[in-house]
Each structure stands twice: as C-alpha cells, then as structure tokens.
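What follows is calculated from the coordinates using simple rules that are stated; it is not laboratory data. Everything numeric here is computed off the predicted structure, so don't read it as measured data. Every residue, glycine among them, receives a Cβ derived from its backbone with ideal geometry; neighbour counts consider all protein chains shown.
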Amino acid sequence: MARGSPITMTLPPFAGTVRKLVLANAGVFLGLMLLRLLLPNAALWVGLHLAFSPYAVVHGEIWQLFTYVFLEGGLLSFLLNNLFIWLCGAMLEGAYGSRWFAELYFASAAGGAVLASAISFTHILHLSPLSIDAGAGAAIFGILAVIAARFGDLEIWIFFLFKIRAKYLVAIYVFINVAMLLRNNNAFDALLSLCGLLAGYLYLQFAPRRGLAFNFTEQFYGMRNAYYRAKRRRAARKFEVYMGKQGRKVQFDKEGRYIDPDSQKDPNDKRWMN
C-alpha cells in the first residue's frame, strides 16, 4: 500500500488473530457480567486475580501480565478497544501475518506491564505498586507504535467522521497519556499505556521478521537435525570399523550417508560389465 494513500471506509476482514482476540474479549466480558449477577463476590475475586497489579505480580501472580488485557471496565471501553483491534489490528495482521500480530499484541501487553511494574516501585510521580489496572490499552498502544513507525503517513478514519495521519494520531494519544501521568489523573493507567507503546516499538525493532515463535521453532528443529546428523555420522564410523573387521570395506560421506561402490565406477569402462 502506497504511503500517504487513505484507508477506505470499507471494513477490514474479521478473521485470524483479530477475530480470536475480539471473540475472547467478548466471552470474558459477557462471562464476568453474568458472574456479577449470579455471584457478585466470586466475580470480584476473579477480577482482582485477573487484573494487573505490580504488587500481586511480584508475589507470584505472573499470569496477570497476560490476563489483564481481556478485562474491560465498562461497555464503552470494551466497544472502542475491540473496534480498534479490528480496524487497526487487521491491517498489521495482513501485512505481517497472524502469528507476528499475536506476538506483538501480547509482547506489548506483558512488556508494558513489566516496565510499568518496575517504575511503580520507584514511587515516582506518586505511583504505587498497589495500583490495579485492566484493559487492552497497553496492547493497543503497541499496535499504535508499529502503525506510526511503518505506516505513519497513512490516513485513518476516526469513527468514520474525519481522517488523520497515523503518526499524528499516535502523537495525540501519547500527549494525552503523558498529561494524565503528570497530573496524576489515573496515572498508572497512563504509565501502562506508554510502556505498552515502548514495548511494541521494541518488538518491532528487535523481533525476527516472521516472529519469535517461528524463529524459536527454526532454531529448535535446526538443533534437532544437527543432533540426528551427528548420531548418523557416529553410527557410520562404527559400521565402517565393524565391516573392516569382517574384511569388507564400506564408505560413507562426511554426513554419514552410504556411498554405493557402483556410483564410483566409470560409466565408460565396460570391463565390469558381463
């Protein structure tokens, strides 16, 4: 897609990782609503242990680094965040693939949470590790970081009313969150979003083009294949020694593959033929 060309108002495909994330968010949102109606105390307990709190994370509730993105505080934030995941996430998923987009989403969420936790323990700007937050804000800011870095001149429609270049939209979001952080108006939420922005940018810069999981898989299978090749070479050397003791000579190449003696004969030499 050419830089500077506007994104049309047609809706992007609802598929792949985007669809899984939106459906998962919807399932958790509806499930917690139902639980609040039936068992309010249980719903409160579940929310406290799935939301993100730096103090809880350092005391063993590591899963909060990933689960908090599935919780939303209200219907409006749920609708807006999932609409954003659909509209902007589909663009990145189409450009980089489903696996890469999923890794970006959760790397932004978890990386942002880790950075925010570390900063909160410094108590700078009156931040506290006892703060609790939830929502997809950090993951969404990670998506924004990639859009600004790679698609900064694209024009995005805002609520189908007006369009703005992606890099300016990200700058506005960053300015608002920095202002919230400095004014201590929901400061921890602002800090978490900004940390998610940084985590998303770092993932873009340092993660392999096809994603961390693909790179890890390639390295794993490369190590496995090297192990099997080494076993084959070792078995070939043992077999050569054994056949030598039997008065027969066999040959293997450096990879441990058997060399057929007939393959070394000169095809123009007719003496070996009947």
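Contact order normalised by length for the stretch 81-186, with contacts defined as Cα pairs under 8 Å and 6 or more residues apart; what percent is it?
On the way: 76 pairs, mean separation 24.6, N = 106.
Relative contact order of the stretch 81-186: 23 percent.
Relative contact order, percent, of the stretch 132-193 when contacts are C-alpha pairs under 8 Å separated by at least 6 residues? Working shown, then result.
On the way: 50 pairs, mean separation 19.4, N = 62.
Answer for the stretch 132-193 is 31 percent.
To one decimal place, what Kirkwood hydrodynamic radius in Å is obtained for the stretch 103-147 from all pairs of distinct Cα atoms?
Details: mean 1/r = 0.0899 Å⁻¹.
Answer for the stretch 103-147: a Kirkwood hydrodynamic radius of 11.1 Å.
Hey, what do the phi angles of the stretch 117-126 turn into as Karplus ³J(HN,Hα) couplings, whole Hz, using 6.51/-1.76/1.60 and θ = phi - 60°, x for Gly and Pro?
4, 4, 5, 5, 6, 7, 6, 5, 6, 6
GLN251's amide H: which non-local residues (gap 5+, or another chain) put their own amide H closer than 5 Å, with H modeled 1.01 Å from N in plane and none for Pro or chain starts?
The answer is ILE259.
Near LEU192, within a Cβ-to-Cβ distance under 15 Å, what is the net charge of the other residues, with Lys and Arg +1 and Asp and Glu -1? Each step should come with its number before you reach the end.
Working: positive: none; negative: GLU72, ASP133, ASP189.
Around LEU192, the charge tally is -3.
Charges on Cβ only, +1 for Lys and Arg, -1 for Asp and Glu, centred on the Cα centroid of the stretch 28-159; of ASN82, ALA43, SER53, which one is farthest towards the dipole's positive end?
So the residue we want is ALA43.
Of the listed peptides 144-150, 100-106, what is their order by residue-averaged count of other C-beta atoms within 10 Å, with the highest listed first?
Working: 144-150: 21.4, 100-106: 23.0.
Listed from highest to lowest mean packing, they are 100-106, 144-150.
Once the Cα gyration tensor of the stretch 80-187 is found, what semi-axes does its equivalent ellipsoid get, as square roots of 5 times the eigenvalues, in whole Å, sorted largest first?
On the way: eigenvalues 138, 60, 25 Å².
Gyration-tensor ellipsoid for the stretch 80-187: 26, 17, 11 Å.
Kindly identify the stretch 1-147 as rounded, prolate or oblate by the Cα gyration tensor criterion: order the square roots of the eigenvalues as a ≥ b ≥ c, call it rounded if a/c is under 1.5, otherwise compare a/b with b/c, prolate if a/b is larger, else oblate.
Values: a/c = 2.32, a/b = 1.41, b/c = 1.65.
Taking the square roots of the gyration eigenvalues as a ≥ b ≥ c, the stretch 1-147 is oblate.
Report the net charge of residues surrounding PRO129, where surrounding means a beta-carbon distance below 15 angstrom and charges are Lys +1, Arg +1, Asp -1, Glu -1. Intermediate results must be reported in sequence, preceding the final value.
On the way: positive: none; negative: GLU61, ASP133, ASP189.
So the environment of PRO129 carries a net charge of -3.
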